[in-house]
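Everything on this sheet refers to the single structure shown next.
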Amino acid sequence: MTTAISIEDLSKQYRLGQVGTGTISHDLNRWWARVRGKEDPYSKVGQVNKRDQAADGEYVWALQNINLSVEQGEVVGIIGSNGAGKSTLLKLISRITSPTTGTIKAKGRIACLLEVGTGMHPEMTARENIYMNGAVLGMRRHEITRKLDDIVDFAGCRMFVDTPVKRFSSGMKVRVGFAVAAFLEPEILIVDEVLAVGDAEFQRRAIGKMKEVSTTGDRTVLFVSHNMASIRKLCPRSIHLDAGTVKRTGPSDEIISAYINDGLTNELDTPIAKDSPRTGSGRAMFTRVWIENEDGNKLTHVTSGANFTIAIEVTAHEPIPDIVLSIALQDSSDSYAWLVRSNFDGAILGLNQKTILRCTVEDFNLARGAFRGVLFMSERDNEILDSLPNAFTLDVAVGDYFGTGARGLPNHCKTLTRATWKSSSQA
């Protein structure tokens, strides 16, 4: 296959603090080093890109020693925590900024959607921006005109096509920007997490279009997202960036699993701030949540088929003798994947000034994934006391749910179910 993008020894360094904090002597020393063909004398003092560490120098390596190749027609996902260097890498490939060291070779025209409004002039109309972007990609006017209706229909902006882009919402700007990038037939399409601004229906269409672009037009797609479900669905291969370096690359399922497991380093013991987004009367409030195993030890994660306890600390202004507690888990698409509710099991729970509520789960039947915990508490047949839509996160690892050593197919389903099988011969 033909290599579409080749990256060798790529590094990018940024200055910390305010722009212009360097001295004239620094600038003169850099100039003199360039004249003599020497390395920048200050590039050696850059520190590794670790967001949780205090700066101890003037510079930081946003990316360091990146070596990658992407084949033509490949769809590659790029994942990593915030600040890992994902957007910096895309900006370098898109030639928005230049590398400090190393080389990037890209074959063909590049269209990128990195931020809301990228590549669009706010004073120009959507129609004018479409023609301008096509011209930047080297397309003739009649070629752009031929694609105009498809772009406008995909973006859903026919009513506003002659309206200045500055009056568009963030979601509408993303719609137009993505439609322009996808339909003007670049050889390389680069899309950052900006799609998260769009609504769910548009995200589905955008992912479908990226898949279509790669399979029918033999074009290359680089896709950055924190939505692991989207990465799994769209990208056969993924790259995991960590602290400005390539930590691992390979099949998306393996890379995502390793990435999620990397985050399972601290026990789940989450204090809940009073100003957390919540609804309810406030007569009782969730203040802490954690997960325990059968021995009472706090867990970092749970596995399919495991027994564990969700412990929730609640404070109340007055005793409340009978409450209903609900605990739900939502997946990456905000769909409810799992729910338990105290009154379903006939439990009667009461509150004092400070109470620990425990819900013990047996044979946990969710497949592997990362889930968001939702807590809801009400006085039975009365008012809502507290509701937290984002109380905690729970990582589920593959376990021996079936007791046979078989791990199931976690990419095919969200829940696991045991069944009894038999075959009967018929005459």
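Taking region 361-377 as the range and being surrounded by fewer than 18 Cβ atoms within 10 Å (Cβ to Cβ) and of a type in the set (Lys, Arg) as the test, only Arg372 passes. Looking across region 130-162, not a single residue is touching a strand residue (DSSP E or B) at 6+ places or on another chain (Cβ under 6 Å) and surrounded by 16 or more Cβ atoms within 10 Å (Cβ to Cβ). In this structure, does Ser387 turn out to be modelled with pLDDT of 80 or more and either more than 20 Å from Ser326 (Cα to Cα) or surrounded by fewer than 14 Cβ atoms within 10 Å (Cβ to Cβ) (or both)? No: the conditions fail for Ser387. With respect to Arg358, is the statement that it is in a strand (DSSP E or B), touching a Pro at 6+ places or on another chain (Cβ under 9 Å) and assigned by TED's automatic domain parsing to the domain that holds Asn307 true? So Arg358 does not fit the description; no. Would you check if Arg358 is on the phi < 0 side of the Ramachandran plot, surrounded by 14 or more Cβ atoms within 10 Å (Cβ to Cβ) and basic (Lys, Arg)? Criteria not met by Arg358. Across region 26-49, not a single residue is classified as crowded, with 19+ Cβ neighbours inside 10 Å, at pLDDT below 80, under 26 Å from the mean Cα position of the chain (by Cα) and within 20 Å of Ala4 (Cβ to Cβ).
Taking the criterion of being of a type outside the set (A, V, I, L, M, F, W, C), buried (at least 17 other Cβ atoms within 10 Å of the Cβ), in contact (Cβ under 8 Å) with a residue 60 or more places away in the chain and farther than 22 Å from Phe286 by Cα, would at least one residue in region 332-354 satisfy it? Quick ask: steps written out before the conclusion?
So in region 332-354, the residues of a type outside the set (A, V, I, L, M, F, W, C) come out as 332-336, 341-343, 345-346, 350, 352-354.
If we keep only those that are buried (at least 17 other Cβ atoms within 10 Å of the Cβ) too, we end up with 332, 342.
From the residues that got through so far, the ones that are in contact (Cβ under 8 Å) with a residue 60 or more places away in the chain too are 332.
Then keep just the ones that are farther than 22 Å from Phe286 by Cα; that gives 332.
Scanning region 332-354 turns up at least one residue that is of a type outside the set (A, V, I, L, M, F, W, C), buried (at least 17 other Cβ atoms within 10 Å of the Cβ), in contact (Cβ under 8 Å) with a residue 60 or more places away in the chain and farther than 22 Å from Phe286 by Cα.
The values are calculated or read from the model by the stated rules, or taken from the named source; none is laboratory data. Everything numeric here is computed off the predicted structure, so don't read it as measured data. Virtual Cβ from ideal backbone geometry, glycine too; neighbours counted across all protein chains shown.
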